[in-house]
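The values are calculated or read from the model by the stated rules, or taken from the named source; none is laboratory data. None of these values were measured; they are calculated from a predicted model. Here the Cβ positions follow ideal geometry from the backbone for every residue, glycine too, while neighbour counts run over all protein chains shown.
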Amino acid sequence: MDDFNTNNPSGQTSQGQSESGAGTAARMKISEKAVDVKEKVADFGRRAVDSIDDSRKTAAGALDRTASTLHSSGDQLSDAAHTAANKLQATADYVRQTDLKGMAADVQDVVKRYPGPSLAVAAVLGFLVARGFRSNS
């Protein structure tokens with residue numbers, strides 16, 4: 001017994017050393033997988049933002065066309081039609097010029113300034129979304 005301790009002062013056996021090596025290899029493999037997953041999530045996020053940015057441009061164009069239609073037919077209607085067209089035009093400009101991060105920051109600002117009405121709007125939107133999912137099922 002004394003021979004064992006003097007020959008191997010750390011008390012580790014060759015089996016303990018191989019287990020340590022296997023543990024290190026497993027940790028390295030898990031770390032590599034985590035990096036892969038992180039890269040895939042980041043890539044998915046970039047593609048989602050790109051897709052939303054493309055949708056913003058399309059939505060802004062549709063708002064512009066609607067505003068133009070209201071302005072041209074508004075001559076026959078009223079000032080309310082022109083006011084609505086101006087609001088649509090302003091919305092189109094906002095959607096075109098503001099990226100997703102900017103929109104999120106603006107929403108947070110509105111919620112901080114008007115928490116009660118924001119909660120009511122969120123509840124109504126949640127209800128409508130849930131109802132939409134239910135009717136699609």
Give Val95, Val110, Val121 a once-over and let me know the one that is in contact with a Lys or Arg (Cβ under 6 Å, 6 or more places away or on another chain) and surrounded by 11 or more Cβ atoms within 10 Å (Cβ to Cβ).
Val95
Picking from Ala123, Ala25, Ala84, the residue that is more than 21 Å from the chain's Cα centre (by Cα) and at pLDDT 85 or above would be Ala84
Keeping to region 63-106, report how many residues are without any contact (Cβ under 8 Å) to a residue 12 or more places away in the chain, over 22 Å from Ser118 (Cβ atoms) and not polar (S, T, N, Q).
7
Looking at Asp64 and the list (1) in the same structural domain as Asp54 (by TED's automatic domain parsing); (2) modelled with pLDDT of 90 or more; (3) not β-branched (Val, Ile, Thr), which single condition is not satisfied?
(2)
